[in-house]
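Single-structure report; data block below.
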Amino acid sequence: STARASQLSAPPQLKNSALDRLFAEAMHTGMKDYEERLLDIKSELFTAARGYLDSLPAPQVLEVGIGVGPNLRFLGSDVKIFGLEPNKYMIPYLEEEAARVGLDVQVVHGVAESMTTIPSES
């Protein structure tokens, strides 16, 4: 149960290590109260999504901008999860969350405009 990262190049305008690192830390530590306040709403939304995913023989989810993985807890271990994340400093926090909830997440470091390594129809 771990997240694996592969690399895509982010456009130069998205690269700012100091700000990316600060933003990742803020998302990891500062959003916990926010996520708890949204727990009921997200649970309802993901329950509806799970109904659809459960109808598929091999459910897959692509989360664009997966961040630190706040939505992982709503997905089951039967779902193949792909995460696309432009901020490489989010990935260690995402790996931590994936391990905490016992999910395997394939993480691609890159931007949506360069999603060539994400399988079609995933």
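Worth a mention:
- Apportionment of accessible area to carbon and sulfur, the stretch 56-115, percent (1.4 Å): 52
- Potential extension, residue 99-residue 44 segment - 0.36 nm per residue separation minus Cα distance: 17.4 nm
- For the stretch 42-119 versus the stretch 17-34, the gap between their alpha-carbon centres in whole angstrom: 18
- Note on residue 22 and residue 52: their simple-model spin labels are 3.7 nm apart, each label 7 Å out from Cα toward Cβ.
The values are calculated or read from the model by the stated rules, or taken from the named source; none is laboratory data. Because the structure is predicted, anything quoted here is derived from the model rather than measured. Note: ideal-geometry Cβ built from the backbone for every residue, glycine included; neighbour counts use all protein chains shown. SASA here: full protein model, heavy atoms, side chains in, ligands and nucleic acids out. Shrake-Rupley method; radii C 1.70, N 1.55, O 1.52, S 1.80 Å.
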